[in-house]
Amino acid sequence: MGEVDARPFPPGDYPLVVVGSGPGGIQVSYSLRRLGVDHALISADEAPGGMFRRFPFFQRLLSWTKPYAPVPRGSRAYERYDWNSLIGEEPSHRAIQPEFMDGTSEFPSRPEMEAQLAEFVRRAALPIRYGCLWEATRRDGDRFVLETSDGEYRCGLVVFAVGVAEPFTPEMPGRELVAHYVDTRDPETYAGRRLFIVGKQNSGFELASGLLHWASRIVLASPRPAKLSVETNSLAGIRARYVQPIEDRFMGGGVYILNASIEGVERAGDVLRVRTRATDGGMDLAIEADEVIAATGFVAPLRDLPALGVATFGPSRLPAQTPYWESASLAGIYFAGTINMGSPGLKKNGVAGTGAVHGTRFNARILAREIAERHFGVVAPRPALAPRDVVGYLLEEATDAPELWNQKGYLARAVLFGADGPYDEGIVPLQAFVDGSGPDGVAIGLEGDSEGVIRPAAYVRRKGAVSEVMLDPDPLNEFRGSSDGRARLTAALEGLLR
Amino acid sequence: MTMTVAERAALLSRVTLFAGLPEASLQALAELAGEAEFGDGDAIVLQGQVGTGLFVIVAGAARVVRGGEELDRLGPGDYLGELAVIDRMPRMASVFAVGPTTCLALASWDLFRRVDGDPELVHSLLRGLALRVRHLSEHHSH
Amino acid sequence: MAGTEELIDELSDLALFADLARPELAGVAHTLEEEWYADGQRILREGFSGTGFYILLEGEVAVRIEGQERARLRRGAFFGEAAILLGEPPGADVVAAGRVRVVHVAGPALHEFLMRHPNVMFRMLQEQTRRLRSANRWAR
Ligand SMILES: Cc1cc2nc3c(=O)[nH]c(=O)nc-3n(C[C@H](O)[C@H](O)[C@H](O)COP(=O)(O)OP(=O)(O)OC[C@H]3O[C@@H](n4cnc5c(N)ncnc54)[C@H](O)[C@@H]3O)c2cc1C
């Protein structure tokens, strides 16, 4: 562990600059450093942790770290059960989160998560320039100039890991009377108050759950009916942790859930009045409340990047990205962390890649390798495989690989067939494999089918055309010994296993 | 001639468009359908006019004519205007009764009135058409 | 959830949503997921399971079977529903021709979406009828 310069990376010329010291920025910088890619890491914050230095408000994460897993702590397979630790290449950099948990829950508290991220940075001696705000961007020939509060950074490439945590409240009459999720106070200050929460996604239900025993009445409203994760069979939807308000509503416990758009908020004496319009054929209402809170989401803080040519889309104004997380419209600009949701992948059965740490930490490591290869000539080894081992290896990965489990339908293990026989291409974005060109090969991932049942899915590329081979599910998700899987894969790879 | 709802439903079920409909939807359509009588040589539909409904021949016969040329002959159980009942496009041919002819008639606005109350009906129709489009395009590409 | 007002305006211009009043349209806009594609990217993949239903908001897409272009679709067109309704993988690739913005309903969510918005479904039915007519000139 070397001495870390308190203010490294002064303004100047760098081959690459990473912006952001949340989990995304830390992971990509760590992985780049391991590959020997010279770069600067800057952040507006004063300490590592990004969004987790403040959110979630009610202090426990949505993502688990299971202290007792069926595989040893610190092993690669354990990463599937520990969603929060960053991915280290050395034993002391791995599985840090469980060291920082008090054992009362498998969901770390916010301060435990923050501590884990800070500890990772400390153990890896990762240099970060804090207190450096990126303010504007311009082109200078084929290079970029980042104007910051400390001065100008010139670079050929940028990785923006700036998160998706800028509060957004939609335009509506009386918007100034509406607080945002990020303005939430200590729970006891809501004692006996009537709350109106705009938004029925996780942040809205997180507030409702956290304030359930404080508020005297809670109304949740948004145009679209709430969906539960246990119905969508994915992380999209209200997480199981936050369904208590829904149960209370059915029991008549002072929680009301409306499918309605908010037409406006106005002051009526001491209280606020919210006008709602039903979107499901129900009644239009004017509802009194002491407080109105918008849990209406977050946007990516991209500043002037759209003007520079970065295409964005959707309600979170995410930058559109290639399967390798480069801006789809401006070469040389890359993204890491939760902003990777702008590259949703194949979205089979509607399931996109996750923007949470358990998935994006793997994206970041793949991104580092891609940048190292494409721009710095640092080529990762591709170990050769014996033809007879290929099928077994693929089924092994389907059973245990944390990348495949945590980024279902999004990341895959690829084996390519070169002139000298099969070799391990590594973990790749599935979309890059199925839509890309290249030698014949096979990629295996895991996917939930339309009923949410998890199955291994293999994609075989021959002469540029890719076909899908869905394998059978297993009640215990143990695909290693599947004779059917073995037979199907062997048949699908007929002629290639030489 | 007056038919029972069950008889009308049985006739409608022969129309390819309605082949996959649940019994309840078919009954509901049968209740909306009316009977129309045509004398010998009467136009059942005229080429170029906007199609407003579907006709199933119950008794009698009809000639399908386009530009003066007879294309086809229809008899009991045959039907016309199957797609017009949905999209109200102009008729591509005229159809004239041959002798006294009785038809079961379903108007496009009656079908449209069912849409809100019976979305499963529309869903079945959509699925049925998707299947036909797929069969046709497979046919064409091979 | 940001920016849905603009999306509502955009949707209200499309024939598919012509029968919907604003509150219902708001419900629709919040249900649809927006996506963006670069030139040449595939939106639907021939032979792949688990596909979705798409409505084209901006740009053009090409329908390709075994690499051969069969049709072009433009703003307001929709695709992908047949594969879901029939429970079979798409019989064609749909590829972005230039930059493309679409909204999307996931396959498993389509039935509920259609049941909730029967007027939208009826518009789809009318369009499907036109497709059948053009595929089969002799359709009566
Ligand atoms: C309310 C809420 C709860 C969540 N809960 C979970 C959870 O329990 N588990 C989970 O895995 N994920 C959760 N997420 C998703 C979460 O945002 C990500 O997993 C994670 O924080 C993303 O890390 P990141 O590095 O991409 O972004 P962030 O953690 O947001 O970090 C962004 C970094 O960029 C810096 N930055 C931004 N703009 C600038 C600028 N202009 N100049 C310089 N620096 C800048 C910030 O200072 C910060 O350091 C939650 C999200 C929200 C909104």
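Data for the structure
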{"item": "Residue in the range A:156-178 that is in the same structural domain as residue A:337 (by TED's automatic domain parsing), closer than 29 Å to residue A:336 by Cα, over 22 Å from the mean Cα position of the chain (by Cα) and surrounded by fewer than 20 Cβ atoms within 10 Å (Cβ to Cβ) present", "result": "yes"}
{"item": "Boolean, residue A:311 is at the interface with chain C (Cβ under 8 Å from one of its Cβ atoms), over 17 Å from the mean Cα position of the chain (by Cα) and modelled with pLDDT of 95 or more", "result": "yes"}
{"item": "Selection from the range A:329-342 of residues that are surrounded by 24 or more Cβ atoms within 10 Å (Cβ to Cβ) and closer than 24 Å to residue C:52 by Cα", "result": "A:338, A:339, A:340, A:342"}
{"item": "Candidate set from the range A:285-297 (those that are open to solvent by 10 Å² or more (accessible area, probe 1.4 Å) and outside any strand (DSSP E or B)); member that is farthest from the other protein chains (Cβ to nearest Cβ)", "result": "A:290"}
{"item": "Entirely in the range A:400-498, the helices (runs of 4 or more DSSP H) that have 1 or more residues that are over 27 Å from the mean Cα position of the chain (by Cα) and at pLDDT 95 or above", "result": "A:483-492"}
{"item": "Residue satisfying all of: in the range A:206-231; closer than 24 Å to residue A:275 by Cα and among the polar types (S, T, N, Q); farthest from the other protein chains (Cβ to nearest Cβ) among these", "result": "A:216"}
{"item": "Residue among B:110, B:42, B:78 that is open to solvent by 40 Å² or more (accessible area, probe 1.4 Å), among the acidic types (Asp, Glu) and more than 10 Å from chain C (Cβ to nearest Cβ)", "result": "B:42"}
{"item": "Selected residue (criterion: nearest to the other protein chains (Cβ to nearest Cβ)) from residues of the range A:169-205 that are within 15 Å of the ligand (Cβ to nearest atom) and of a type in the set (Phe, Trp, Tyr)", "result": "A:181"}
{"item": "Strands (runs of 3 or more DSSP E) fully within the range C:1-95 counting 3 or more residues that are aliphatic (A, V, I, L, M)", "result": "C:52-65"}
{"item": "Every residue from the range A:31-67 that is more than 10 Å from the ligand (Cβ to nearest atom) and assigned to a loop (DSSP other than H, G, I, E, B)", "result": "A:35, A:36, A:37, A:38, A:39, A:59, A:66, A:67"}
{"item": "Selected residue (criterion: most open to solvent (accessible area, probe 1.4 Å)) from residues of the range B:1-21 that are in a loop (DSSP other than H, G, I, E, B) and under 19 Å from residue B:82 (Cβ atoms)", "result": "B:14"}
{"item": "Filter result (open to solvent by less than 30 Å² (accessible area, probe 1.4 Å) and closer than 19 Å to residue A:54 by Cβ) within the range A:87-106", "result": "A:97"}
{"item": "Flag if residue C:80 is among the small types (Gly, Ala, Ser), more than 10 Å from chain A (Cβ to nearest Cβ) and crowded, with 20+ Cβ neighbours inside 10 Å", "result": "yes"}
{"item": "Some residue of the range C:131-140 being outside any loop (DSSP other than H, G, I, E, B), open to solvent by 30 Å² or more (accessible area, probe 1.4 Å) and in contact (Cβ under 8 Å) with a residue 12 or more places away in the chain", "result": "no"}
{"item": "Subset of the range C:89-116 (residues that are away from chain A (no Cβ under 11 Å) and over 12 Å from the mean Cα position of the chain (by Cα))", "result": "C:90, C:91, C:92, C:97, C:98, C:114, C:115"}
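Yes/no per residue for (1) open to solvent by less than 10 Å² (accessible area, probe 1.4 Å); (2) of a type in the set (Gly, Ala, Ser); (3) closer than 27 Å to residue A:39 by Cβ:
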| position | (1), (2), (3) |
| --- | --- |
| A:375 | no, no, yes |
| A:379 | no, no, yes |
| A:385 | no, no, no |
| A:394 | yes, no, no |
| A:415 | yes, no, no |
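The values are calculated or read from the model by the stated rules, or taken from the named source; none is laboratory data. In this text, all values refer to a predicted model and were calculated from it rather than measured experimentally. Glycine also receives a Cβ, built like all others from the backbone with ideal geometry; neighbour counts cover every protein chain displayed. Areas reflect the complete protein model, heavy atoms only, side chains present, ligands, DNA and RNA absent. Shrake-Rupley method; radii C 1.70, N 1.55, O 1.52, S 1.80 Å.
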